1. Where the second residue is of a type in the set (Phe, Trp, Tyr) and the first is more than 22 Å from Leu37 (Cβ to Cβ) and lies in the stretch 77-95, which pairs have Cβ atoms under 9 Å and are six or more apart or on separate chains?
2. Mind checking which strands (runs of 3 or more DSSP E) fall wholly inside the stretch 35-119 and carry at least 2 residues that are closer than 26 Å to Leu186 by Cα?
3. Exactly one condition in (1) closer than 19 Å to Thr168 by Cβ; (2) assigned to a strand (DSSP E or B) is not met by Ser217; state its number.
4. For the stretch 220-243, which residues satisfy the criterion of being closer than 20 Å to Lys152 by Cβ and in a strand (DSSP E or B)?
5. Which numbered condition in (1) within 21 Å of Ser143 (Cβ to Cβ); (2) in contact with a Phe, Trp or Tyr (Cβ under 6 Å, 6 or more places away or on another chain); (3) not in a strand (DSSP E or B) is the only one that Leu253 fails?
6. Looking at the stretch 201-231, which of the residues that are in contact (Cβ under 8 Å) with a residue 24 or more places away in the chain and among the hydrophobic types (A, V, I, L, M, F, W, C) is surrounded by the most Cβ atoms within 10 Å (Cβ to Cβ)?
7. Before we move on, is Asp242 under 29 Å from Gly66 (Cα atoms), touching a residue at least 12 places away in the same chain (Cβ under 8 Å) and loosely packed, with under 13 Cβ neighbours inside 10 Å?
8. In the stretch 129-188, which strands (runs of 3 or more DSSP E) lie fully inside it and hold 1 or more residues that are modelled with pLDDT of 95 or more and over 20 Å from the mean Cα position of the chain (by Cα)?
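The values are calculated or read from the model by the stated rules, or taken from the named source; none is laboratory data. For clarity, every value in this text was computed on a predicted model and none was experimentally measured. Note that each Cβ is placed from the backbone with ideal geometry, even for glycine, and that neighbours are counted across all protein chains shown.
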Amino acid sequence: MSKKMKKFILGIMFFLVMLTSYSFNFSVAPTRFEIGLDKINTNEITLINNTTSPMRLESFLESAPGYEKYSLNNHIKLYPKMVAIKPGSKQVVRFRVKPEVGMEAGEYKSYVVFKEIPLKESLNKNEGKVDAQIKMITEVGISIYGYYGEIKRGTNISNLQISYNSKTSNLKITADSNSKGNSSELLKQKIEILGAGGTISDTIDSQFGRTERTGKSKIESSMKIEKLKGKKVRVTIYDSQDKVIDKKVTDTL
């Protein structure tokens, strides 16, 4: 086999590997925890092997960006830290949260990360044939939010922008947020499709995004909504207490 042909085959293999890298070898549920830090508590995470081969996973903690001073890493114990899961089976990992007395009031956050233990990659050449054994490694992190003492939330929204790509049917909503409390806030959005005379033809309620714990950030959401051309869209943003904090109506799309 010529060098040119070998390079071509390796190029095809690399392309296929890139395609498969977007699928997860295992699933995690739930994908987020929100925990009160007024007492010791234990929680469970379920891991599911989505492949036809045995799998080993390791678990560890990571600090979340922006929460270096408010990390839960020193307050969480994971067990077991290493698990083996048969094909199509599930395994439970538990974590125990032990808060300290006198912690600063507010929101804390860490990630629990699960990483597939890699198999050795090998590339063998036998009798002019290229034989590749490639193992894609999946790593999934879930958010652990903890709340201690009095939680204060206050979010201002500005520069609310709405755009629509008629070719891809993608509706994009962005805004600048400014959080002034001691906790992030999960904002919600209501999207109303307006027909002739401003009548509401459809309504979509969904999450808009989460603010920073403190300070400014940009929030963005997008979704596919077909046949918006010639219509208007009204977007209303709500805080975690369902209070309207911003609203905007587009021109005819």
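1. Lys81/Phe60; Val83/Phe114; Ile85/Phe26
2. In the stretch 35-119, the matching strands (runs of 3 or more DSSP E) lie at 41-49, 55-63, 90-97, 106-116.
3. With respect to (1) closer than 19 Å to Thr168 by Cβ; (2) assigned to a strand (DSSP E or B), Ser217 is out only on (1).
4. Once the filter is applied, which keeps residues that are closer than 20 Å to Lys152 by Cβ and in a strand (DSSP E or B), the stretch 220-243 yields Ile237, Tyr238.
5. (1)
6. Phe208
7. Judged against the criteria, Asp242 is a match.
8. In the stretch 129-188, the matching strands (runs of 3 or more DSSP E) lie at 139-148, 155-165, 170-179.
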